[in-house]
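Please treat every number below as a calculation from the coordinates, not as lab data. Values in this document were obtained by computation on a predicted structure and should not be read as measured data. For neighbour counting, all protein chains shown are included, and Cβ atoms are generated from backbone atoms with ideal geometry for every residue, glycine included.
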Amino acid sequence: MPSLGADMTSGKLVSWHVKPGDVVKRGDIVATVDTSKAEIDVEIFEDGTIGELLVAEGERVPVGSVLATVNGAPQAAAEPAPVEPVPAPAAERRPASPLARRTAADLGVPLGQVTGSGPGGAILVRDVGASAAPSEPQPDRALSMREAIAAAMARSKREIPHYYLGTTIDMEAALTWLSEQNAQRPVAERVLPAVLMLKAVAIACRELPAFNGYWVEGAFRPGTGVHLGVAISLRTGGLVAPAIHDADRLDLDALMAALRDLVRRARSGGLRSSELTDPTVTVTNLGDGGVPTVYGVIYPPQVALVGFGSISERPWAAGGMLGARRAVDTTLAADHRATDGMSGASFLKAVDRLLQTPEQL
Amino acid sequence: MTPPPLATIEDAQRLVLDALVDVAPDLEGTRIPADALLREDLGLDSMDFMNLMAALSELLDADIPERDVSQLETVEACAAYLHDRAGIR
């Protein structure tokens with residue numbers, strides 16, 4: 001059972017996507033696991049042939065337990081741990097509505113045992129309800145999500161000496177340019193202002209790599225790329241912050257597509273394990289929440305978190321004149337073990353500078 | 001694309017609600033008042049809202065200009081827009 005974040009201690013195997021004898025290669029999705037936060041598709045990190053499935057669908061095991069054996073590879077994706085082998089039936093991924101999938105996970109009902117009544121045999125939430133044993137206890141998903149966030153954030157505040165910097169960035173040039181671009185595009189191809197801000201942060205991380213990476217074993221380890229964690233509200237409570245890989249190298253359209261895809265999968269299931277373990281820095285955008293400023297808590301073992309509040313029109317003095325301009329409060333929460341305030345100031349200045357030339361993002 | 005059944009305002013409202021639940025699956029099975037504000041009452045964020053507009057655009061088989069988007073604040077406003085635009089299609 002892989003660790004899919006600093007806040008995960010155990011996971012429930014929801015379904016297998018492979019069976020003994022299947023040939024797999026690195027990056028294939030082999031199982032879906034329910035952390036306390038979301039259902040995650042687990043990728044395998046070795047090439048080989050699936051030997052034995054050691055954990056049954058519906059079973060919860062600690063992080064580090066071996067889920068399966070892989071022949072032709074040293075071991076499966078997790079460290080060995082004493083787990084009783086349980087024979088498990090293989091199940092293919094069946095069409096199911098996101099709500100049905102989530103409800104099945106909550107009730108501990110393997111989707112393979114549910115008869116779907118929807119289009120093409122798709123499983124609907126009422127089908128899950130009909131298959132669930134009435135006496136089964138129902139875990140409180142909101143509570144377990146809260147506990148997971150509590151554990152990670154308590155660790156962050158216990159271990160990371162945060163420092164905070166903030167600046168107000170003039171967004172007039174970025175928004176005017178974006179508005180002109182969007183006016184020529186159909187609605188499905190328009191780009192959100194948040195994407196410009198994500199791209200600016202990603203490039204700033206490339207320019208100032210001390211903010212992009214991890215604090216592990218008493219030292220800073222830089223990230224292998226800019227894998228931008230994006231805090232996504234799950235609507236039903238809580239949040240996850242999966243990564244957009246190599247965000248600094250994506251153009252704005254590709255970044256918008258990646259963000260749209262990530263939000264959809266974060267809310268309906270289907271995040272990949274690498275997306276939860278790879279973020280090298282996190283961005284939180286509370287603009288839709290209507291607050292001007294957000295002071296973030298760093299997600300360990302990362303060393304920085306950038307926060308954006310709502311974009312609003314502000315009185316703006318420049319060149320001895322007072323005018324009104326759209327602007328956004330931008331904050332940096334950074335780990336003082338890894339960086340100092342002066343470099344933090346340079347980081348925020350870089351984000352500001354990059355947003356003044358949106359056509360170059 | 002086959003035009004969706006938009007003969008009545010009720011047809012349009014049903015299609016808007018379907019699109020809404022697609023964008024925000026947690027709303028499935030809940031009662032959504034026609035005058036609920038999409039952002040403030042139903043909690044759609046910018047991405048959800050843009051996805052809803054894209055879904056409506058697909059139903060119409062026509063684009064929704066930026067100037068119209070800002071007027072579509074409720075389910076009933078979306079339904080009326082869909083119905084009116086389908087009528088002149």
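Among A:Gly238, A:Asn285, A:Ala219, whose Cα projects farthest towards the positive end of the dipole of the stretch A:213-299, with charges put on the beta-carbon of Lys, Arg (+1) and Asp, Glu (-1)?
A:Gly238
May I ask you to derive the FRET efficiency for B:Ala34 and A:Ala188 from their Cβ-Cβ distance with R0 = 25 Å, giving the value to the nearest 0.05? Show your work: numbers first, answer last.
Numbers: r = 25 Å, r/R0 = 1.01.
According to the calculation, E is roughly 0.50.
As an exercise, use a Förster radius of 22 Å and the Cβ-Cβ distance of A:Ala219 and A:Asp352 to find the FRET efficiency, rounded to the nearest 0.05.
Numbers: r = 30 Å, r/R0 = 1.36.
With a Förster radius of 22 Å, E is 0.15.
Which residues does a label at A:Asp261 reach in the stretch A:7-30, if reach means a backbone N under 20 Å from a point 7 Å past the Cα toward the Cβ?
Counting only backbone N, you get A:25-30.
With Kirkwood's inverse mean 1/r over C-alpha pairs for Rh, give me the Rg to Rh ratio of the stretch A:216-273, two decimals please. Please list the in-between numbers first.
On the way: Rg = 13.2 Å, Rh = 12.7 Å.
When Rh is taken as the Kirkwood radius, the ratio is 1.04.
Where the only charges are on Cβ atoms (+1 Lys, Arg; -1 Asp, Glu), what is the dipole of the protein assembly as shown about its Cα centre, to the nearest 20 debye? Working shown, then result.
Numbers: 40 positive and 60 negative charges, 133 e Å.
In total the dipole reaches around 640 debye.
Over chain A, what is the relative contact order in percent, taking alpha-carbon pairs closer than 8 angstrom and at least six residues apart?
Normalised by residue count, the contact order of chain A is 17 percent.
Placing +1 on the Cβ of each Lys and Arg and -1 on the Cβ of each Asp and Glu in the protein assembly as shown, which of A:Gly112, A:His17, A:Ile123 has its Cα farthest towards the positive end of the resulting dipole?
Farthest towards the positive pole: A:His17.
Using a Förster radius of 35 Å, what is the FRET efficiency between A:Arg158 and A:Thr236 based on their Cβ-Cβ separation? Nearest 0.05, please.
Here the calculated transfer efficiency is 0.80.
Sum up the charges of everything whose Cβ sits under 13 Å from the Cβ of A:Glu147, counting Lys and Arg as +1 and Asp and Glu as -1, but leave A:Glu147 out. It would help to have the intermediate numbers written out before the result.
On the way: positive: A:Lys37, A:Arg141, A:Arg146, A:Arg155; negative: A:Asp7, A:Asp140.
The answer is +2.
Angle, helix A:252-268 long axis vs. longest principal axis of chain A, Cα atoms, 0 to 90°, nearest 10?
The answer is roughly 40 degrees.
With springs only between Cα atoms under 10 Å, which of A:Glu217, A:Glu147, A:Glu275 fluctuates most in a Gaussian network model of chain A?
Comparing A:Glu217, A:Glu147, A:Glu275 in a Gaussian network model of chain A, the most mobile one is A:Glu217.
Can you tell me how much longer the chain between A:Glu180 and A:Asn71 gets when fully stretched, taken as 0.36 nm per residue apart minus their C-alpha distance, in nm with one decimal?
Details: separation 109, 0.36 × 109 = 39.24 nm, distance 5.57 nm.
So the chain would gain 33.7 nm between A:Glu180 and A:Asn71.
Pick out, from A:Val42, A:Phe347, B:Leu59, the residue whose Cα sits farthest towards the positive end of the charge dipole of the protein assembly as shown, with +1 on the Cβ of Lys and Arg and -1 on the Cβ of Asp and Glu.
So the residue we want is A:Phe347.
Just subtract the alpha-carbon distance of A:Met321 and A:Ala254 from 0.36 nm times their residue separation and send over the number in nm, one decimal. Don't jump to the answer; show the numbers that get you there.
Values: separation 67, 0.36 × 67 = 24.12 nm, distance 3.87 nm.
Stretched out fully, the A:Met321 to A:Ala254 stretch lengthens by 20.2 nm.
So what is the relative contact order for chain B, in percent, with contacts set as C-alpha pairs under 8 Å and at least six apart?
It comes to 45 percent, rounded to a whole number.
Counting only other chains, and only Cβ atoms inside 10 Å, what mean value do you get across the residues of B:49-55?
Values: counts 2, 7, 5, 1, 4, 6, 2.
Mean partner-chain Cβ count within 10 Å for B:49-55: 4.
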